1. If I filter region A:34-63 down to residues being over 18 Å from A:V11 (Cβ atoms) and in a strand (DSSP E or B), which single residue comes out as nearest to the chain's Cα centre (by Cα)?
2. Could you check region B:36-75 and list, in sequence order, the residues that are more than 22 Å from B:M17 (Cβ to Cβ), buried (at least 17 other Cβ atoms within 10 Å of the Cβ) and either at pLDDT 95 or above or out of contact with any strand residue (DSSP E or B) (no Cβ under 8 Å at 6 or more places or on another chain) (or both)?
3. Could you check how many residues of region A:34-76 are of a type in the set (D, E, K, R), facing chain B (nearest Cβ under 10 Å) and farther than 18 Å from B:Q64 by Cβ?
4. Mind listing whichever residues of region B:67-77 are under 27 Å from A:W27 (Cβ atoms) and part of a loop (DSSP other than H, G, I, E, B)?
Protein chains: 2
Amino acid sequence: MYLILVYDIEVARVAKMLKLCRRYLNWIQNSVFEGELSDVKLKELLHQAKTIMDPERDSIIVFQTRQEKWLDKTVIGKEKNELDNVI
Amino acid sequence: MYLILVYDIEVARVAKMLKLCRRYLNWIQNSVFEGELSDVKLKELLHQAKTIMDPERDSIIVFQTRQEKWLDKTVIGKEKNELDNVI
């Protein structure tokens, strides 16, 4: 399953969430990740995300598609650079 | 065309970009929009976005799919509320 994950997490919790998401997905923008993940791995990720987030204040949206080719991606402006990926 | 637009725009320019994107799409999270848009309207939106953004610092990613049903969406945590939509 190819998926896009976007989060809106308050600053106190964002570093933890970023670290978690990067263990499963590719970080492509400030709060946006993409990648191929099995249903089991996605459940695992979301289970752990729920232990970090405050459901009254934070949110995660996951868009899933069975085939990556069904989604076209266009990037305008700055591409995420190597430095970002190292942080 | 159904699409998801995510942006990473510096604070000095974000209000303008938000206003622009909301003219074309539904605002579903902090920096995430979705909606149905023709190719012409998407070009128009991106053309205007480029006049607002700094391409060295800001970025926009657009994911497009021909059919909305090819994408499943899951929201975890806080759903965007009415107050947010009024701002």
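The values are calculated or read from the model by the stated rules, or taken from the named source; none is laboratory data. This is a predicted model, so every value here is computed, not measured. Neighbour counts are summed over all protein chains in view; Cβ atoms, including those assigned to glycine, are modelled from backbone coordinates with ideal geometry.
1. A:E34
2. At the first step, the residues of region B:36-75 found to be more than 22 Å from B:M17 (Cβ to Cβ) are B:65-75.
Within this subset, residues satisfying the condition of being buried (at least 17 other Cβ atoms within 10 Å of the Cβ) are B:65, B:71.
None - no residue of region B:36-75 is more than 22 Å from B:M17 (Cβ to Cβ), buried (at least 17 other Cβ atoms within 10 Å of the Cβ) and either at pLDDT 95 or above or out of contact with any strand residue (DSSP E or B) (no Cβ under 8 Å at 6 or more places or on another chain) (or both), so the list stays empty.
3. The qualifying residues number 5.
4. Within region B:67-77, the first condition is being under 27 Å from A:W27 (Cβ atoms), and the residues that meet it are B:68, B:70-77.
Hit for region B:67-77 is B:L71, nothing else.
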